[in-house]
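Take a look at the structure below.
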Amino acid sequence: MKAFWKRIKRFFMWIVVAFFASTILSVIVLRWMPVWFTPLMFIRVAQQASAGQELTLHHHWVPLEEISPSLSLAVMGSEDARFLDHHGFDYKAIEHAAIRNLKHPEKRKLGASTISQQTAKNVFLWPGRSWLRKGFEVYFTVLIEFCWSKQRIMEVYLNSIEMGEGIYGADAVAEWHFHKTAAQLTKEECALIAATLPNPRRYNSVRPSAYVLKRQKRILREMRYVKPLP
């Protein structure tokens with residue numbers, strides 16, 4: 001019986017070792033290698049197939065230098081104003097969200113995910129709100145903050161985030177919504193794209209609702225005060 005439990009213990013030990021080795025290696029490799037696909041892309045394609053819809057996936061990787069600098073300012077102004085100052089987690093935003101959610105439980109839950117957390121989720125994980133997924137998100141956020149520069153995190157974020165139905169990344173949304181490259185996006189177009197990010201399948205940057213236009217104006221104001229990437 002002791003031998004049996006010893007084998008079980010050794011088996012789980014090797015699982016833990018394999019997990020840490022594979023995840024750390026993947027983060028190190030992706031410090032330089034483009035992220036061509038993400039789990040969410042495969043999930044969306046599977047959802048399209050199960051619904052009998054046409055399979056749609058528009059995504060092409062471009063380096064950060066070929067993306068309008070206004071887009072990084074826009075997403076920081078919209079999603080994570082202290083991106084350059086924190087180490088993956090914005091504790092002020094977390095505290096604010098926690099207090100607001102406790103005071104107003106009847107309203108939609110306010111989140112406090114940083115760009116680093118969203119990048120970790122987009123590249124390595126699946127969508128959802130379970131504690132298990134959140135735990136993995138924290139783990140991968142710590143890893144990418146340790147191994148990647150802020151420029152690299154922003155580059156991966158802008159290339160992998162969902163920006164419309166079947167559209168992923170800055171260059172794809174620039175092409176399909178504005179008929180130009182990511183480098184040619186104007187400040188107003190970047191703010192419009194950022195305004196849709198809370199729900200890019202519901203909100204559309206090429207056919208913006210009054211709500212999206214209102215968010216665009218707010219983001220344009222916020223962009224004046226956001227520190228640009230070095």
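The values are calculated or read from the model by the stated rules, or taken from the named source; none is laboratory data. On a predicted model such as this, the values are computed, not experimentally measured, just so you know. Every residue, glycine among them, receives a Cβ derived from its backbone with ideal geometry; neighbour counts consider all protein chains shown. Note: accessible area is taken over every heavy atom of the protein model, side chains too, but ligands, DNA and RNA are not part of it. Shrake-Rupley method; radii C 1.70, N 1.55, O 1.52, S 1.80 Å.
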Note to self: It is to be established whether one or more residues within the range 192-201 are hydroxyl-bearing (Ser, Thr, Tyr), open to solvent by 60 Å² or more (accessible area, probe 1.4 Å), part of a helix (DSSP H, G or I) and over 21 Å from Met33 (Cβ atoms).
What the structure shows: no
Item checked: Pairs with Cβ under 8 Å, 6+ apart, first in the range 127-139 and surrounded by 14 or more Cβ atoms within 10 Å (Cβ to Cβ), second outside any loop (DSSP other than H, G, I, E, B) and of a type in the set (Val, Ile, Thr) -> Tyr139/Thr23
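Could you tell me which residue of the range 203-230 is least open to solvent (accessible area, probe 1.4 Å), considering only residues that are among the hydroxyl-bearing types (Ser, Thr, Tyr) and under 16 Å from Ser70 (Cβ atoms)?
Ser205
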Item checked: Elements of type helices (runs of 4 or more DSSP H) contained in the range 1-88, each with 2 or more residues being farther than 30 Å from His177 by Cβ -> 2-29
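From the set of residues in the range 141-155 that are of a type outside the set (D, E, K, R) and open to solvent by 10 Å² or more (accessible area, probe 1.4 Å), which is farthest from Ser22 (Cα to Cα)?
Ranking the qualifying residues of the range 141-155, first place goes to Gln151.
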Notebook entry, point to check: Does at least one position in the range 156-171 carry a residue that is modelled with pLDDT of 95 or more, surrounded by fewer than 21 Cβ atoms within 10 Å (Cβ to Cβ) and farther than 16 Å from Met76 by Cα?
Noted result: no
Next item on the list: Scan the range 175-191 residue by residue and report those that are open to solvent by 80 Å² or more (accessible area, probe 1.4 Å) and within 17 Å of Leu73 (Cα to Cα).
Entry: Gln184, Lys187, Glu188
